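The values are calculated or read from the model by the stated rules, or taken from the named source; none is laboratory data. All values reported here derive from a predicted model rather than from experimental measurement. Positions of Cβ are backbone-derived with ideal geometry, glycine not excepted, and every protein chain shown enters the neighbour counts.
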Amino acid sequence: MPEQHTTTPYDALLLLSFGGPEGPDDVVPFLANVTRGRGIPEERLKEVGKHYFLFGGVSPINEQNRALLEALRKDFAEHGVDLPVYWGNRNWAPYLTDTLREMAADGRRRIAVLATSAYASYSGCRQYRENLADALATLTAEGIEPPRVDKLRHYFNHPGFLRPMTESVIASLADLPEDVRAGAHLAFTTHSVPTAAADTSGPVEDHGDGGAYVAQHLDAARVIVDAVREETGVEHPWQLVYQSRSGAPHIPWLEPDICDHLETLHAQGVPAVVMAPIGFVSDHMEVLYDLDTEATAKAAELGLPVRRSATVGADPRFAAAVRDLLLERAAAERGESVERCALGALGAGHDLCPVGCCPARAPRPAAAGADSPYA
């Protein structure tokens, strides 16, 4: 029998993700959910949805979350963590509000939340907290006593997140032709966001010059680069680059874009590139289209050998990292001394998002923060 670990005060874990369509008929309604309030016409949504239609209208994210859900349950069972794991999405079934309603009906009163976004940003943290607040308000309006929710800290520098990606980068390098392998460039990719949003990401003291969003990605990339050098004996040049821009062209976003970066590297005579999507937890649509389809096609056009390394997905080490984060937070909530696991220079992040952390475009209630109405 595995050693039993107490998770008090938590009586459930919620896996909170973005959601995605699971068939052609789902694509436009899904995108309408994602863009609600922006007044985007249906014809434009169909154009935006072309990426999904290329893959039969199915995003892989829901299946990947099902795999992660099973990995978490398996890890918990094998390591004496007796805690149910639920799953809810922001933009598609199973919807967050429905899942919280189910959890309340099951008697869950204190819930730890793992968001499938490892870094600080409005869209990757604060917006999830706003969605939680909206769902809790809906339950309250229905006469249901809402549970308390606590979002687990950012895990961009946890070994269980970085180690699988490091090994994948090494495997991608090994898959390159031998004559270009040593000179390969590492392009670490993440979702581009407006520079204004990046600059205000993280706590107030981290604001400016890309904020916590850029700093955290750079820290994670350096850890991987150092580990690759230690294991291969080769110092590979690298850069943090961006993908999946979706905003108005007149608004400044983080650059360079991965396709522009590939053109620059080719012009500089770089012999090969490994694209490492460190900003993503799983190989969902933005990875499959923006990297595996669009960027790979650009590389082929240039005659530039490229490989794309894998994300952590449902790797058992990531599931173990989630267990670690859960037990760490539970111990902290009980007032116990906690040793927090983190690699790199930035250290472990905060448990409770402070006031001014990743501020909203317009003031909205957000759960699981110092300014939350649901403490």
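Quick check: is even one residue across the stretch 275-298 surrounded by 19 or more Cβ atoms within 10 Å (Cβ to Cβ), farther than 16 Å from ASP257 by Cα and more than 20 Å from the chain's Cα centre (by Cα)?
no
To keep it simple, each residue is scored yes or no on (1) at pLDDT 95 or above; (2) not in a helix (DSSP H, G or I).
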{"residue": "ARG44", "(1), (2)": "no, no"}
{"residue": "GLN64", "(1), (2)": "yes, no"}
{"residue": "TRP87", "(1), (2)": "yes, yes"}
{"residue": "THR97", "(1), (2)": "yes, no"}
{"residue": "ALA104", "(1), (2)": "yes, no"}
{"residue": "LEU114", "(1), (2)": "yes, yes"}
{"residue": "ASN131", "(1), (2)": "yes, no"}
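With a cut-off of at least 3 residues that are of a type outside the set (Phe, Trp, Tyr) and under 26 Å from the mean Cα position of the chain (by Cα), name the helices (runs of 4 or more DSSP H) lying wholly within the stretch 138-233. First the steps, then the outcome.
Working: elements: 159-175, 178-181, 195-199, 211-232.
Output list reads 159-175, 195-199, 211-232.
Which of the residues that make up the stretch 234-251 are surrounded by 12 or more Cβ atoms within 10 Å (Cβ to Cβ) and in a loop (DSSP other than H, G, I, E, B)?
Passing the criteria: VAL234, HIS236, PRO237, SER244, ARG245, SER246, GLY247.
Residue check, SER172 against (1) hydroxyl-bearing (Ser, Thr, Tyr); (2) surrounded by fewer than 23 Cβ atoms within 10 Å (Cβ to Cβ); (3) touching a Phe, Trp or Tyr at 6+ places or on another chain (Cβ under 7 Å), all met but one. Which one?
Tallying (1) hydroxyl-bearing (Ser, Thr, Tyr); (2) surrounded by fewer than 23 Cβ atoms within 10 Å (Cβ to Cβ); (3) touching a Phe, Trp or Tyr at 6+ places or on another chain (Cβ under 7 Å), SER172 fails exactly one: (3).
Sort through ALA321, ALA370 and tell me the only one that's crowded, with 19+ Cβ neighbours inside 10 Å and not aromatic (Phe, Trp, Tyr).
On inspection, the qualifying residue turns out to be ALA321.
Report those helices (runs of 4 or more DSSP H) wholly inside the stretch 279-360 carrying at least 1 residues which are small (Gly, Ala, Ser) and over 17 Å from GLY124 (Cα atoms).
296-302, 316-333
Being modelled with pLDDT under 95 and either in contact with a strand residue (DSSP E or B) (Cβ under 9 Å, 6 or more places away or on another chain) or in a helix (DSSP H, G or I) (or both) is the requirement here; does LYS74 meet it? Write out each step before concluding.
On the way: modelled with pLDDT under 95: no; either in contact with a strand residue (DSSP E or B) (Cβ under 9 Å, 6 or more places away or on another chain) or in a helix (DSSP H, G or I) (or both): yes.
The answer is no for LYS74.
Within the stretch 222-233, identify whether any single residue is of a type in the set (Ser, Thr, Tyr), more than 27 Å from ALA362 (Cα to Cα) and modelled with pLDDT of 95 or more, and answer yes or no.
Yes - at least one qualifying residue is present in the stretch 222-233.
Take the residues in the stretch 68-97 that are surrounded by fewer than 16 Cβ atoms within 10 Å (Cβ to Cβ) and under 19 Å from the mean Cα position of the chain (by Cα); name whichever of them is farthest from THR7 (Cα to Cα).
So the residue we want is ALA93.
Quick one: in the stretch 22-45, which of the residues that are touching a helix residue (DSSP H, G or I) at 6+ places or on another chain (Cβ under 7 Å) and farther than 28 Å from ALA362 by Cα is surrounded by the most Cβ atoms within 10 Å (Cβ to Cβ)?
Filtering first and then ranking leaves GLU22.
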